[in-house]
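Single-structure report; data block below.
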């Protein structure tokens, strides 16, 4: 019913656009991926997952108004893994359960200074640290929401969404703490302004995880912060890009915990003639005072694309009770074209993970990536090795992936 009312609101704003010629654009995507995991400490330490994911749909547009509907399906060709819902939990988890779902079902009105979107949609904000699509996983994450993006003046943008359901990566079989969808009254707000040194963004994310089965409401939080992201040319051949961010998080709505925790990020990338050197320091803080060390009183990001951060081995998708400090350094090189391949790139990143309190060295990780495109197909080979110290177990992961889209 909420989707119906939200769609009606967009149609009311659109008005005369409906009388114009309708154009149709197909949506078609396919993915084939092999993921191998070797993790110490399990009865069966190895897992092998071969999955195929397909999406198909249509966008119909008329003037400023468009409607998009996309369905998706995920099929496991091999089942020698635990998908988080099915299979034996004595194997390592590969979070790509079989699924069939309505992925996108949205109406959108798009004008020069205003974009309104209603229905099931992707919402990606800034670097996806707090709100993202989790596109790496086969089923991804979307939201049942209404969203307004307003540009009242040059360089100034207001982006506000109300989401009443987060459609998770677990698909229609989701249950317990890994539900198909998590309901709640989520407010996601960004106000950004383009300055000479970069885009300055103030944000407020009120996350309402209103499902008792999902960590007993303890992932509900209110986060307020600021972010600066920019780039500057150093010469004709060199450029530096940077990010600085700070946020403060505390309990919200039905969360039984009483806590407050800080977030910090400083990141910079130097790009010189195809070579890239990156370094950064990210802190998801622990709470202080009486709740210190209590689970889920550290800085949490339940709606973020967490695979992008703190290593691909996925050891810190949920922030430990004592918080986490991630010091990372990486580099790589890219070629515009090599034979039939375009956008060929090689990259490596090293992480050192420590706690925010109690001075614990959780572990270290190395991540390697080779990626390229061949026509409409994107190819990638990834490897992650996590060397455990005070948290989790030694883990190796390998991904071989091909993505195609029209």
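General observations
- Residue 177 fulfils the conditions (1) closer than 23 Å to residue 309 by Cα; (2) buried (at least 16 other Cβ atoms within 10 Å of the Cβ); (3) without any contact (Cβ under 8 Å) to a residue 40 or more places away in the chain except for a single criterion, (2).
- For region 256-287, the tally of residues that are over 20 Å from residue 219 (Cβ atoms) and part of a loop (DSSP other than H, G, I, E, B) stands at 2.
- Flag for residue 95 being outside any strand (DSSP E or B), modelled with pLDDT of 95 or more and either out of contact with any strand residue (DSSP E or B) (no Cβ under 7 Å at 6 or more places or on another chain) or more than 20 Å from residue 397 (Cβ to Cβ) (or both): yes
- For region 158-174, the candidate set comprises residues that are surrounded by fewer than 17 Cβ atoms within 10 Å (Cβ to Cβ) and part of a strand (DSSP E or B); within that set, the residue that is nearest to the chain's Cα centre (by Cα) is 160.
- Tabulated pairs, region 24-42, first on the phi > 0 side of the Ramachandran plot and part of a strand (DSSP E or B), second at pLDDT below 95 and surrounded by fewer than 16 Cβ atoms within 10 Å (Cβ to Cβ), C-beta under 7 angstrom, 6+ apart or interchain: none
- Any chance residue 249 is in a strand (DSSP E or B), at pLDDT 95 or above, touching a strand residue (DSSP E or B) at 6+ places or on another chain (Cβ under 8 Å) and under 30 Å from residue 278 (Cβ atoms): yes
- Members of region 98-129 that are farther than 22 Å from residue 144 by Cβ and either more than 22 Å from the chain's Cα centre (by Cα) or assigned to a strand (DSSP E or B) (or both): 111, 112, 113
- Lone qualifier among 67, 6, 76, 89 - being surrounded by fewer than 18 Cβ atoms within 10 Å (Cβ to Cβ) and either under 26 Å from the mean Cα position of the chain (by Cα) or at pLDDT below 95 (or both): 89
- Of all residues making up region 335-374, the number that are free of Cβ contacts under 8 Å to residues at least 24 places away in the same chain and in a loop (DSSP other than H, G, I, E, B): 2
- Given (1) on the phi > 0 side of the Ramachandran plot; (2) surrounded by fewer than 21 Cβ atoms within 10 Å (Cβ to Cβ), index of the condition residue 291 fails: (1)
- Selected residue [buried (at least 19 other Cβ atoms within 10 Å of the Cβ) and out of contact with any helix residue (DSSP H, G or I) (no Cβ under 9 Å at 6 or more places or on another chain)] from 131, 124, 146, 150: 131
- Matching residues, region 27-64, being surrounded by 15 or more Cβ atoms within 10 Å (Cβ to Cβ) and under 30 Å from residue 114 (Cα atoms): 27, 29, 55, 56, 57, 59, 61, 62, 63, 64
- Sub-7 Å Cβ pairs linking a first residue in region 85-113 that is free of Cβ contacts under 8 Å to residues at least 60 places away in the same chain to a second residue that is buried (at least 23 other Cβ atoms within 10 Å of the Cβ) and part of a loop (DSSP other than H, G, I, E, B), at least 6 apart or interchain, are 87/81; 91/81; 94/81; 94/83, ordered by first then second residue.
- Taken together, the criteria place residue 246 among residues that are under 23 Å from the mean Cα position of the chain (by Cα), surrounded by 15 or more Cβ atoms within 10 Å (Cβ to Cβ) and free of Cβ contacts under 8 Å to residues at least 24 places away in the same chain.
- In this structure, residue 378 does not qualify as in a strand (DSSP E or B) and within 19 Å of residue 279 (Cα to Cα).
The values are calculated or read from the model by the stated rules, or taken from the named source; none is laboratory data. Since the model is a prediction, treat every value here as computed from it, not as a measurement. Note: ideal-geometry Cβ built from the backbone for every residue, glycine included; neighbour counts use all protein chains shown.
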